[in-house]
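**Student:** Supplied in structure tokens, the structure appears directly below.
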Amino acid sequence: MRDSMNFFSDVPGIFHFRLFGFWHIVLTITMLLAMVLIYKYQEALRKWKYHDKAFRYIVAGIMFTNMAIYYGQKILDGTWSYKEHLPLHFCFISGYLFMYALVTNHKSMFKFVYFFSFAGPLPAILLPDLTCGPDRFIFWQFFFSHHFFLTASIYVLYVLEWKITYLEAFKAFIAANIMFALVFGLNQVIGSNYIMTTRLPAHIMKLFPFLSYINIPILWLELAGVAACFIAFIPLFFLYRSKESSKDSSILHQIS
């Protein structure tokens, strides 16, 4: 029982997670490698009989189970707080919308959730507020709600071919700002800091102390979101380029 409770502890055990340390690099490289493999073998993956519906339900099930365990153990050990543990962080909101899109085959929703999968998880992936390694559940919760989520989004883009255009980024930007406004209002009422609309995390302020000179969290959130959306254009660029190459090859084959 004690070992089980230690597994759910937020105190580092044998393994430690440090910014740009071993486990940070391992998770990042694993995610990037998975994305490259998805891009390279997208046609082969489409031929896999479980590539669509089964994949969608399995991914949604994994992500939901991950969050259920995360919140469930906090309720059981009495550490759950409505000011900190409602599913209102941007990554978590985006993750639930992604699960819904997968289970319901809601392709229109994915058009903006795709950009959310970058705007939410990517800043956390690059600058994580994590100290525990793989011998703690929080490490895996972080992995599934960020790295796994973003990788699954790339799979949906390339393998399931749920179409997205660059213009969807503007719709995502509007939807994200509506979400920010609603959560900001809630933060003012209950004294919480969901989506960091009230203040930036302490570890970010420590890393970038100059942010304190312009202490406007929403400004930095907007800039981070815009930057993440531009990064989200990169997979779209490769997708369109590969489709153009396939089209050109088909035309040349017909001519010959």
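**Student:** Could you please tell me which pairs satisfy a Cβ distance under 6 Å, a separation of 6+ or placement on different chains, a first residue in the range 81-97 that is farther than 21 Å from Gln188 by Cβ, and a second residue that is open to solvent by less than 20 Å² (accessible area, probe 1.4 Å) and not in a helix (DSSP H, G or I)?
**Tutor:** Going by the 6 Å Cβ cut-off, the qualifying pairs are Cys91/Gly120; Ser94/Gly120.
**Student:** Let me ask something additional. Taking the range 192-238 on its own, how many of its residues are more than 25 Å from Met35 (Cβ to Cβ), of a type in the set (Gly, Ala, Ser) and open to solvent by 20 Å² or more (accessible area, probe 1.4 Å)?
**Tutor:** Here the count works out to 2.
**Student:** Further question on the same structure: Which numbered condition trips up Tyr114, out of (1) among the hydroxyl-bearing types (Ser, Thr, Tyr); (2) open to solvent by 30 Å² or more (accessible area, probe 1.4 Å); (3) under 15 Å from the mean Cα position of the chain (by Cα)?
**Tutor:** (2)
**Student:** Looking at (1) of a type in the set (Lys, Arg); (2) assigned to a loop (DSSP other than H, G, I, E, B); (3) at pLDDT 95 or above, which one does Lys49 not meet, given that it meets all the others?
**Tutor:** Every condition holds for Lys49 apart from (3).
**Student:** If you don't mind, there's one more thing I want to ask. So, in the range 26-52, how many residues would count as being farther than 25 Å from Gly133 by Cβ and in contact (Cβ under 8 Å) with a residue 12 or more places away in the chain?
**Tutor:** 7
**Student:** Could you grab me the full set of residues in the range 23-49 that are among the aromatic types (Phe, Trp, Tyr) and within 14 Å of Leu127 (Cα to Cα)?
**Tutor:** The one that is among the aromatic types (Phe, Trp, Tyr) and within 14 Å of Leu127 (Cα to Cα): Trp23.
**Student:** Follow-up question, since we're still on this one. So in the range 148-191, with the set limited to residues that are among the hydroxyl-bearing types (Ser, Thr, Tyr) and in contact with a helix residue (DSSP H, G or I) (Cβ under 7 Å, 6 or more places away or on another chain), which one is farthest from Ala60 (Cα to Cα)?
**Tutor:** Tyr166
**Student:** Continuing with this model, one more query. Does Tyr166 qualify as being open to solvent by 40 Å² or more (accessible area, probe 1.4 Å) and either among the aromatic types (Phe, Trp, Tyr) or not in a loop (DSSP other than H, G, I, E, B) (or both)?
**Tutor:** Answer is yes for this residue.
**Student:** Can you tell me which residue among Leu126, Leu88 is open to solvent by 70 Å² or more (accessible area, probe 1.4 Å) and farther than 16 Å from Ile154 by Cβ?
**Tutor:** It is Leu126.
**Student:** A further question follows. Check off (1) at pLDDT below 90; (2) within 29 Å of Phe110 (Cα to Cα) for Ile174 and give me the number that stays unchecked.
**Tutor:** Among (1) at pLDDT below 90; (2) within 29 Å of Phe110 (Cα to Cα), Ile174 violates only (1).
**Student:** Could you tell me which of the residues Tyr82, Tyr96, Tyr100 is over 16 Å from His147 (Cβ atoms), more than 15 Å from the chain's Cα centre (by Cα) and surrounded by fewer than 18 Cβ atoms within 10 Å (Cβ to Cβ)?
**Tutor:** Tyr82
The values are calculated or read from the model by the stated rules, or taken from the named source; none is laboratory data. These numbers were taken from a predicted model, which means no experiment stands behind them. Cβ: placed from backbone, ideal geometry, glycine included. Neighbour counts: every protein chain shown. All accessible areas refer to the heavy atoms of the entire protein, side chains included, with ligands and DNA or RNA removed. Shrake-Rupley method; radii C 1.70, N 1.55, O 1.52, S 1.80 Å.
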